[in-house]
Amino acid sequence: GYGLRFNRAAIFLYEEGSLHGKYAIGPRNKKEAYRIWGSVVAQKTNLFQVMENQEQMDLSFMDNILNVVLDPLKDKDHPLMKCFLAQKPKLVSNGLPSDFGLLMENLEFENYAMVPILNNGLGLGVLLVDNRFNEKPISEEDLDTLMTFAHQAALALENSRLYTEISVLAITDELTKLYNHRYFKNQIEHYLK
């Protein structure tokens with residue numbers, strides 16, 4: 001949009017020894033970017049309204065990203081895996097879409113930025129952004145903003161992990177790992193209602 005200078009973003013998270021595509025928003029190609037942006041301008045909508053309007057969203061971009069699974073050994077030369085392993089942000093101008101492999105080549109990433117999602121030096125994933133509307137390269141200033149987003153994402157991911165861990169601890173016995181009496185009692189009350 002106007003302020004962010006990118007209109008397409010994807011998040012890849014490191015889980016079970018691989019980097020997995022988890023979420024994406026934005027147009028799959030330039031034609032779709034023009035269609036969406038034309039609608040935004042004509043209707044004078046803001047970012048939140050665009051995200052809420054499912055009819056305007058191009059879900060094919062998300063579908064492509066959700067199919068991406070990268071192995072650190074087998075896919076070590078993939079741009080996303082290189083960023084994840086190096087734990088350093090990277091700006092790319094005039095890159096080759098083929099660098100992203102068969103699953104992502106049709107998404108035509110040429111001018112993009114990648115930012116690792118880190119928590120206390122531990123790699124959690126990678127944020128990938130570009131602009132399919134005007135296809136301008138992402139600037140160093142934009143990279144600073146993206147690093148802030150990535151840091152906030154890392155905090156949110158860690159909070160979610162801790163919440164899940166605490167929830168499990170609250171209903172299980174630490175020694176046996178079996179459900180505790182409180183969980184058993186709550187389940188019986190739930191099913192008796």
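Worth pointing out:
- Residue in region 69-85 that is in contact with a His (Cβ under 7 Å, 6 or more places away or on another chain), within 24 Å of residue 29 (Cβ to Cβ) and either hydrophobic (A, V, I, L, M, F, W, C) or crowded, with 19+ Cβ neighbours inside 10 Å (or both) present: yes
- Residues in region 130-159 that are among the polar types (S, T, N, Q), over 15 Å from the mean Cα position of the chain (by Cα) and open to solvent by 40 Å² or more (accessible area, probe 1.4 Å): 134, 145, 159.
- With respect to the conditions (1) closer than 27 Å to residue 155 by Cα; (2) under 17 Å from the mean Cα position of the chain (by Cα); (3) open to solvent by 20 Å² or more (accessible area, probe 1.4 Å), residue 103 falls short on a single one, namely (1).
The values are calculated or read from the model by the stated rules, or taken from the named source; none is laboratory data. Computed from a prediction, not measured in an experiment: that's the story for all the values here. When we count neighbours, we look across all protein chains shown, and the Cβ atoms used for this are built from the backbone with ideal geometry, even at glycine. The accessibility values were calculated without ligands, DNA or RNA, using every heavy atom of the protein model including side chains. Shrake-Rupley method; radii C 1.70, N 1.55, O 1.52, S 1.80 Å.
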